[in-house]
Amino acid sequence: MAAQNIDDVVDGLAGIVREAERGGDRIGYFAALYRQVTVEIRAAVHAGLFEDGPRMDRFDTIFGNRYFAAYDAWRRDRSGPRCWRETFGLLDDADTVIVQHLVLGVNAHINLDLAVAAAETVPGGDIQDLRHDFLLINDILARVVLAVQDSVDALSPLLSLLDKVGGRTDEQILDFSIRESRAEAWYNAVLLAGQNAAERAATVERLDTRAAVLARLIARPDGIVRPALELIRHTESADVPAVIRHLDGAVAATA
């Protein structure tokens, strides 16, 4: 699939969510989170909150198409960027808990795709014109993450164990330091925007490798976090379609 505008991105994500719900496919977990973020960004575009609404529509479309391309490549022949292969490769792993699936998707999409999409939207020195709107998305993400966090807590009652054994709150784990990750993505976007084709390819390769390593750490953490995740897995909902429906309605439930 290839989106032409932000409406197509929302529709494409909604289609993935519906298909995942019908098939009991955990790919719908992150797709549900991503759909709600995109709906909120579209609302902000329509409300005139961004400095350049049409540019943000274009940016979000490029960003969404990177996810769709990774999704299509995985469905076709298990190919695509390494970090997305790591993410999609755990979809059938019953040991991976809900919050891990969400964080794996966030990792790949922010730590690889975001910088590439920003640099493609506004190449060269003009990318600095995008900075205000790029940072404004942080506020939208924060609102959606809070809503989804409440939804995950209801589905995974022992998720707070990660606070006790890992030194981070469950909200921080789901948030995956989004602001810090996006700050790094902005730095990489500026870098990519000023590079030639060969340099860009090398940078994208580096970002993909790093995100793939992070995906492995998220999927198989060391120390006492692992037995905590085992307890969480045994107490959270295993009804994949129901989890997808719950996650996909998170923002609406708090409105």
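The values are calculated or read from the model by the stated rules, or taken from the named source; none is laboratory data. Since this is a predicted model, take the numbers as computed values, not measurements. A quick note on method: Cβ atoms are made from the backbone with ideal geometry, for glycine too, and the neighbour counts reach across all protein chains shown. We work out accessible area using only protein heavy atoms, side chains counted, and drop any ligands, DNA or RNA first. Shrake-Rupley method; radii C 1.70, N 1.55, O 1.52, S 1.80 Å.
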**Asked** With r defined as the distance between the Cβ atoms of A198 and D150 and R0 fixed at 45 Å, what FRET efficiency is calculated, to the nearest 0.05?
**Response** 0.45
**Fill in**
Using alpha carbon centers only, the range 106-146 is separated from the range 204-245 by a whole-angstrom value of 24 Å
**Request:** With a 1.4 Å probe and every protein chain kept in, tell me what percent of the accessible surface of the range 91-137 is carbon plus sulfur.
**Result:** 48 percent
**Asked** What FRET efficiency would be calculated for the residue pair E51, D72, taking the C-beta separation as r and a Förster radius of 35 Å, to the nearest 0.05?
**Response** 0.60
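For the chain, what does the relative contact order come out to in percent, with C-alpha contacts under 8 Å and a separation of six or more?
30 percent
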**Asked** Given charges of +1 on the Cβ of Lys and Arg and -1 on the Cβ of Asp and Glu, with all other atoms neutral, how large is the dipole of the chain about its Cα centre, in debye to the nearest 20?
**Response** 500 debye
**Item:** Karplus (6.51, -1.76, 1.60) ³J(HN,Hα), θ = phi - 60°, over the range 190-205, in Hz, Gly and Pro reported as x
**Value:** 4, 4, 4, 4, x, 9, 7, 4, 5, 5, 4, 4, 5, 5, 4, 4
**Item:** Residues whose placed amide H lies under 5 Å from that of G194, excluding near-sequence neighbours
**Value:** G124
**Prompt:** How much accessible area per residue does the range 41-144 have, in Å², with a 1.4 Å probe?
**Reply:** 38 Å²
**Request:** For A43 and R18, compute 0.36 nm times the residue count separating them, minus their Cα-Cα distance, and round to one decimal in nm.
**Result:** 6.8 nm
**Request:** With a point put 7 Å past each Cα toward its Cβ, work out how far T209 is from L135 in nm, to one decimal.
**Result:** 3.2 nm
**Message:** Could you give each residue of the range 84-91 its phi-based ³J(HN,Hα) in whole Hz, using Karplus coefficients 6.51, -1.76, 1.60 with θ = phi - 60°, and x for Gly or Pro?
**Reply:** 6, 5, 4, 5, 5, x, 9, 4
